[in-house]
Amino acid sequence: MPEAPGGTPLPSSRATAPTYAERLWLGPLGWVLLVVFAAMMAVAFVPVDPRVAALVGIVVLVVGAVVLTGLAPRIEVRDGVLRAGGAHIPVDLLGAAVALDAEATRAELGPRLDARAHVCLRGWIHTAVRVEVDDPQDPTPYWVVSTRRPDALAAAVHA
C-alpha cells in the first residue's frame, strides 16, 4: 500500500468488487409495453407525416429505454455496506436476513408490513429479502428489498 510522508498509509483508490450486485431491470413484458407505447405514439403522428411518425416512434423508444434503464435501482453489498437504490446501511448494523419467496414477499408487503420499514420494491420482481435493522438510533425496524436472487443476497448480507 502506498504511504504518505511520515509513514501514514494512503487509502487505496481501487474499490473492491461487490460481494453481491444486481440491477432491478424491467421485466420482458415491460420492454414489450415500451415498444407498443412507442408504436402507438408513432401511429398518432402518421396523419401529419410518416417520416415525423417514424421519428417520434424512435425518439419515444430511445428516451423510454434510457429513462427505464437509468431508473432501475442497483442492489449491492460492497465494502461492508448494503445499498438498495439510493439508500445504504452498514451490514454490521443489520441482523438476520431472510430470503422470501413470492408468497412470503406478498405477505411481508401486505398484512405484515410495518409502516416504518424501508422498502425497495419493484412490482415485476416477485421475490425479496427481509433484513432486520439492529441500530438502536434508527427507527426503521427492517428493510424489504426486491431481488431476483434472494438466497444470494441474504448470504452476502450474512458474509
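The values are calculated or read from the model by the stated rules, or taken from the named source; none is laboratory data. Every value quoted in this text rests on a predicted model; they were computed, and no experiment measured them. Backbone-built Cβ (ideal geometry, glycine too); neighbour counts: all protein chains shown.
Tabulated values for the structure
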| quantity | calculated |
| --- | --- |
| Test result for residue 108, acidic (Asp, Glu), surrounded by 13 or more Cβ atoms within 10 Å (Cβ to Cβ), farther than 22 Å from residue 141 by Cβ and under 20 Å from the mean Cα position of the chain (by Cα) | no |
| Any strands (runs of 3 or more DSSP E) falling wholly within segment 26-99 and containing at least 3 residues that are closer than 30 Å to residue 158 by Cα and touching a Phe, Trp or Tyr at 6+ places or on another chain (Cβ under 8 Å) | 74-78 |
| Residues of segment 96-105 classified as closer than 18 Å to residue 141 by Cα and either surrounded by 14 or more Cβ atoms within 10 Å (Cβ to Cβ) or among the charged types (D, E, K, R) (or both), total | 6 |
| Of all residues in segment 45-86 being farther than 30 Å from residue 149 by Cβ and among the small types (Gly, Ala, Ser), the one that is surrounded by the most Cβ atoms within 10 Å (Cβ to Cβ) | 57 |
| Criterion (part of a helix (DSSP H, G or I), at pLDDT 90 or above and among the acidic types (Asp, Glu)) met by exactly one of 108, 132 | 108 |
| Residue identified as closer than 30 Å to residue 39 by Cα and among the charged types (D, E, K, R) among 122, 112 | 122 |
| Condition check for residue 79: in contact (Cβ under 8 Å) with a residue 60 or more places away in the chain and more than 26 Å from residue 123 (Cα to Cα) | yes |
